[in-house]
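Coordinate-derived values only; no laboratory data. Note that the structure is a prediction, hence the values are computed from the model and not measured. Please note: Cβ atoms are built from the backbone with ideal geometry, for glycine as well, and neighbour counts cover all protein chains shown.
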Amino acid sequence: MTDPLALVDDWGPEKIVVVSHRRTGMKGVLVIDNTARGIGKGGTRMSPNVTVTEIARLARVMTWKWAGVDLFYGGAKAGIVADPNSPDKEAILRAFARALSNEVPREYVMGLDMGLTENDAAIIQDELGDRGAAVGTPQHLGGVPYDELGVTGYGVAESADAAAGRIGLALSGSRIAIQGFGAVGAAAAQRFDQMGAAVVAVSTAYGALYDPAGLDVAELLRARDQIGDGFVKEHGRGTALPPGAELTVDCDVLVPAAVQDVIDDDTARRIKARLVVEGANLPTSPSAQEILAERGITCVPDFVANAGGVVAAAFAMDTRYSGFRPETTVIFTAISARLRTNTETVLEEAQRLGVTPHTAGRGLAEERVRAAMVSRGRIPRAPRSSW
């Protein structure tokens, strides 16, 4: 078992709160990583395998993500140890919200992550009696429904287009492989399709489908809605592959958009894509990132490529108590502009310094967070020169 104190470094976490509720069996954790640039904001996930270390890692990603797109919120994340398909989901969610009523929404505002939906965000608001307790609620409640709008996947495709242009790859006509066909992967596939790219592989936990000539994205979405994630076995189109094989198919752009830690050193050596765009959080290990760079494969970091969700969340945060619903066209325009600019900036900085994009992007984000920590007196100012 990891000692939570061992997770603390120069950046955070500032607070780790572990909660439980005997009657419902709820167990959960909130990690507020760094609030130098603003209140803690990050998604809440529900999974039987949630750990404190996992949530702490994701909270740190949120610190860099907010700073990377230069928006003024702090890194945080929460997790609930439970099956999101449990018939007791609502009771567990309400118990979790109650247990964190000291922190929410004064120090942390809940959002959506793996296992939670727009309606779950509404349940949190209802339990705490506060519209400001969570964002990502349904549109009919005045919220910004991230998954329904597909904001994160949209941003991944916009980031990929910017990165492709920088390496001389025309996205239109290119071949895209996507791991994961949930909210992020499916929305990215739709946007790639609109851009004229061919989605040649998609996957779920049940397996993958591959067709070098391109899959029909609209047909895949219909099949998923009708059958569920098992459509990759029952769809009947394309070649069926085992889970994970989609990472190494012949393609131009690879988008890991499922879970963390899926590209290790061995997989990095077998990837055939020219460009990897991280739709999921933490899909590559640091050593895998180095291998990709050595092989001349550009890898756009998660905290850059999948930041469309945080841009949308910033709009939702801004209007939590407003009687007016945020304009979706404004949100999508902002996502495209910020992610394209940030992608180009990070890749240019990586080339200039001769480091991986992860190192370059994190360095830029660290500068912004460090400046905020100095201004707030959280770390000492550098001594003035006597000259």
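Annotation: amide H of Leu112 within the under-5 Å range of Thr44, sequence separation 5 or more or interchain, hydrogens built in the peptide plane. The trypsin sites (Lys or Arg not before Pro) of region 13-55 that meet both conditions, a loop assignment by DSSP and at most 14 other Cβ atoms within 10 Å of the site Cβ, are Arg22, Arg23.
Restricting region 264-352 to trypsin sites (Lys or Arg not before Pro) that sit in a DSSP loop and have at most 15 other Cβ atoms within 10 Å of their own Cβ leaves Lys272, Arg295.
Using C-alpha pairs under 8 Å with a sequence gap of at least 6, the mean separation divided by the residue count of region 115-204 gives a relative contact order of 24 percent.
Note on region 75-116: along the principal axes its Cα atoms extend 30, 19, 13 Å, ordered by decreasing extent. Shown here for region 272-338: GluC sites (Glu not before Pro) in loop regions (DSSP other than H, G, I, E, B) with at most 16 other Cβ atoms within 10 Å, namely Glu327. The fewest-to-most ranking of Trp11, Trp64 by surrounding Cβ atoms within 10 Å reads Trp11, Trp64. Here the contact order of region 220-317, divided by its residue count and restricted to Cα pairs under 8 Å and six or more residues apart, works out to 21 percent. Take the Cα of Ala205, go 7 Å toward its beta carbon, and the backbone nitrogen atoms of region 45-71 under 13 Å from that spot belong to 46-50. The residue list Ala82, Gly323, Met373 was ranked by how far each Cα lies along the charge dipole of the chain toward its positive end, using unit charges on Cβ atoms, and Met373 comes out on top.
Once the Cβ-Cβ distance of Glu348 and Glu327 is raised to the sixth power relative to R0 = 41 Å, the FRET efficiency obtained is 0.85.
Based on C-alpha pairs under 8 angstrom that are at least 6 apart in sequence, region 1-114 has a relative contact order of 32 percent. Kirkwood hydrodynamic radius of region 56-169, from the reciprocal of the average inverse Cα-Cα distance over all distinct pairs: 15.6 Å. Computed over region 160-264, the P(r) tail beyond 21 angstrom holds 26 percent of alpha carbon pairs. Look at where the Cα atoms of region 1-58 and of region 228-261 average out, and the two centres are 31 Å apart. Of interest is the spacing of the C-alpha centroids, which for region 129-152 and region 62-111 amounts to 14 Å.
Only helical runs count toward this figure. For the chain, summing -39,500 (n - 2.57) over DSSP H runs of n ≥ 4 and dividing by all residues gives -13000 deg cm²/dmol at 222 nm. For Kirkwood radius over Cα pairs in Å, the listed values are [x] 22.5; [y] 21.2; [z] 21.9; which was obtained by calculation from the structure presented? Computing Kirkwood radius over Cα pairs in Å and matching it to [x] 22.5; [y] 21.2; [z] 21.9 gives [y]. Working from label points 7 Å from Cα in the Cα-to-Cβ sense, the Glu294 to Asp225 distance is 4.6 nm. Subtracting the Cα-Cα distance of Asn49 and Ala371 from their residue separation scaled by 0.36 nm leaves 112.3 nm. GNM remark for the chain: springs join alpha carbons under 10 Å apart, and the peak mean-square fluctuation among Ile263, Ile39, Ile227 falls on Ile227. All C-alpha pair distances within region 242-316, sorted into 10 Å bins from zero, spread as 21, 54, 19, 7, 0 percent across the bins.
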